[in-house]
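Here the structure comes first, spelled out in structure tokens, and everything after it is commentary.
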Amino acid sequence: MSDWVLLGLIAALVVLLLLTVFGFVVYSGLFTEVVVSAGSPPVGNITLAYKFRVGAYGESGQLFTDGCSISSKLCSIGVYYDNPHTVPPEKCRFAIGRILSEGDAKPSEEQIKRFQKYGFKIFSFPAPSHVVMATFPFTTPLSIHLAVNRVHPALDTYIKERKLCAHPRIEIYKEDRIYFVCPLARQGDFYVPEMKELERKSRAAAAEAEDSRTDITGADTMSETSSISMEATTDSRDTSVATSILLPFPASRGREEPDNRSEHSYSESGASGSSFEELDLEVTGDGEGAPGLLPDVGCAGNQEVTDKWTKEPIAAERGEE
């Protein structure tokens, strides 16, 4: 009889252990419904202390720890610029840090010096006008893993279905919530200086490669075939101009936004075909609202999209204009 009692106690302990684990996972957000929406952002302009890295996103954990060890009271932030499903892990780019101030508040000089002492850099993000966003509970360390595996696929689906250009992906850990924010316009404002420098080098290398190809193939540009092509182009010029005037959305990306592409960037989905009226966005009193964002969105035209994170072209860096 004592053996049966012992087995019963062991079984009861196992059941209690399983129930405890199950309750912990549920408390961490296992069954939380992920709701993705578009509208005003949950945060305003922020000043952050950050470290920039190129490598696998799994390395971000140590950077979060570094920031927390300096100040445990501040909110953490992560900015992820590349789609890990299409970009090799060793080429992914991200910035991790802590939010020093938000809104009109100014960070203290003491905080700035403390973070700079440990290799952090200081930068400010403006308040995004409109974003794609989602939230997830932040109750346990397991919440982070659940959020990554559940929220990002939901964001992928939302952005893909509406053919939006929303990047980079910003994660803000604030109190008991994780905020996932993807700016819909002026994405270059959320590029830290190191990221902008890498983009400049990438564009310069691409332009140099293009020039070299032009030099190689330019020897036969005055052939008979080329002459015929030039005449055909001249004859059709008037028609082309008339057609471009009639088109409501020309193929060009605006007078201030060159077509800067990168193998790292997020989405090949078309913003030119996007309809911001489909989103639940606020409209200003003068009748101008979300549709006015179209010139600011740095995405290309109708192209195939991936089934994971969308791969988006880099927006123009307006601070350099």
| Regarding residue 66, is this residue assigned to a loop (DSSP other than H, G, I, E, B) and either without any contact (Cβ under 8 Å) to a residue 40 or more places away in the chain or within 18 Å of residue 171 (Cα to Cα) (or both)? | no
| note | Within region 174-197, residues being surrounded by fewer than 20 Cβ atoms within 10 Å (Cβ to Cβ) and out of contact with any Asp or Glu (no Cβ under 8 Å at 6 or more places or on another chain) number 8
| If you check residue 170 against the conditions, is it open to solvent by less than 60 Å² (accessible area, probe 1.4 Å), farther than 22 Å from residue 54 by Cβ and either without any contact (Cβ under 8 Å) to a residue 24 or more places away in the chain or not in a helix (DSSP H, G or I) (or both)? | no
| query | Residues in region 79-104 that are surrounded by fewer than 12 Cβ atoms within 10 Å (Cβ to Cβ) and touching a strand residue (DSSP E or B) at 6+ places or on another chain (Cβ under 9 Å): how many? | reply | 2
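Has region 45-54 got at least one residue that is of a type in the set (Phe, Trp, Tyr), modelled with pLDDT of 95 or more and within 15 Å of residue 169 (Cα to Cα)?
Looking through region 45-54, at least one residue is of a type in the set (Phe, Trp, Tyr), modelled with pLDDT of 95 or more and within 15 Å of residue 169 (Cα to Cα).
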| field | Residue within region 24-43 that is over 22 Å from residue 134 (Cα atoms) and open to solvent by less than 80 Å² (accessible area, probe 1.4 Å) present | value | no
| query | Among (1) open to solvent by less than 50 Å² (accessible area, probe 1.4 Å); (2) assigned to a helix (DSSP H, G or I), where does residue 144 come up short? | reply | (1)
| Residues that are open to solvent by less than 80 Å² (accessible area, probe 1.4 Å), out of contact with any helix residue (DSSP H, G or I) (no Cβ under 7 Å at 6 or more places or on another chain) and assigned to a helix (DSSP H, G or I), drawn from region 105-141 | 111, 112
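The values are calculated or read from the model by the stated rules, or taken from the named source; none is laboratory data. Please read all numbers here as calculations on a predicted model, not as lab measurements. Glycine gets a Cβ as well: all are built from the backbone with ideal geometry, and neighbour counts include every protein chain shown. These area figures cover heavy atoms from the full protein model, side chains too; ligands, DNA and RNA do not enter into them. Shrake-Rupley method; radii C 1.70, N 1.55, O 1.52, S 1.80 Å.
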